[in-house]
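The values are calculated or read from the model by the stated rules, or taken from the named source; none is laboratory data. Everything numeric in this text was worked out from a predicted model, so none of it was measured. We place every Cβ from the backbone using ideal geometry, glycine too, and count neighbours over all the protein chains shown. Keep in mind that these areas ignore ligands, DNA and RNA; they rest on the heavy atoms of the full protein, side chains included. Shrake-Rupley method; radii C 1.70, N 1.55, O 1.52, S 1.80 Å.
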Amino acid sequence: YVELREAEARLIAESEVWQDTCRRLDEAEGEAHSAEAELESVSGELRAITHSNLDRLRFEIVDRQTKIEEARAGEEDLLLRSRMVSKRIGELEALTADGLAAFRRAASERTGA
């Protein structure tokens, strides 16, 4: 009978340990679910932030590309204008040389006539 009582006491003690272990496992599982939900929430926020940052970076890249293209177009326009001005200067120099030669001939004819 004593052995039966001792076995019953051990069984009760083990049962209490088992129940305590089950309770702790339930608590840990609840904490794990809570952590998982928080992780999912943070992941969602991070994805939103990352998406927003990528959108902003894409906009900045497109804006800079546009400015570079505009600068290149302006550069080409300035180069074309510079060439036109150089050509016009050459034409004016030729006209000036021709005019100066004509003036000298006319002056020479007046003094020689």
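A few remarks follow.
- Selection of first residues in region 21-36 that are in contact (Cβ under 8 Å) with a residue 24 or more places away in the chain and of second residues that are open to solvent by less than 100 Å² (accessible area, probe 1.4 Å) and among the hydrophobic types (A, V, I, L, M, F, W, C), restricted to Cβ pairs under 7 Å at least 6 apart or on distinct chains, gives an empty result.
- Some residue of region 91-101 being under 52 Å from the mean Cα position of the chain (by Cα) and assigned to a helix (DSSP H, G or I): yes
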